[in-house]
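What follows draws every value from the coordinates through simple rules; no lab data is involved. Every value quoted in this text rests on a predicted model; they were computed, and no experiment measured them. Please note: Cβ atoms are built from the backbone with ideal geometry, for glycine as well, and neighbour counts cover all protein chains shown.
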Amino acid sequence: MALGAQRGVVVWMMLREVFVFAALGLAMGVPTALGTSRFIESLLFGMKANDPRALTLAVTILLSAALLAGYVPARKASRIDPMIALRDE
C-alpha cells in the first residue's frame with residue numbers, strides 16, 4: 001500500500017496465496033484420504049469407502065476455513081496506514 005496498491009488488491013493478493021497453499025494441501029490430502037478409505041471404513045460404523053458426499057463436505061469446509069483464516073489478517077493488513085507500517089520496519 002505504501003507503493004500505491006489499493007486495499008482490494010492487497011486483500012486479493014493475500015487471499016490468492018492462502019488459496020494456493022490450501023489447494024496444494026488438498027491436492028496431497030485427497031489422494032491420501034482416498035487411499036486410506038478402506039481402513040477408515042473398517043473403523044467407522046455406517047461410513048462407506050470413498051463417500052463422495054463426505055469428501056466434498058470436507059474439502060468445502062477446509063477451503064472455507066482457510067479463506068476465512070486468511071481474510072481476517074488480509075483485511076487488517078489492508079487497513080494499516082502505510083506510513084505507520086514503514087516506520088515500524
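When only C-alpha pairs under 8 Å and at least 6 residues apart count, what is the relative contact order of the chain, in percent?
53 percent
Quick one: which of 16-24, 38-46 comes out on top by average Cβ neighbours within 10 Å, and what's the full order, highest first?
Descending mean neighbour count gives 16-24, 38-46.
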Derived scalar couplings ³J(HN,Hα) [region 33-41; Karplus, 6.51 cos²θ - 1.76 cosθ + 1.60; whole Hz; x for Gly, Pro]: 5, 5, x, 9, 5, 5, 5, 5, 4
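Please give the FRET efficiency for Leu43 paired with Val20, using the beta carbon to beta carbon distance and R0 = 30 Å, rounded to the nearest 0.05.
Working: r = 33 Å, r/R0 = 1.09.
Efficiency for this residue pair is about 0.35.
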Length added when fully stretched, Ala58-Arg87, from 0.36 nm per residue minus Cα-Cα: 6.2 nm
Over the chain: Rg over Rh, Cα atoms, Kirkwood Rh: 1.23
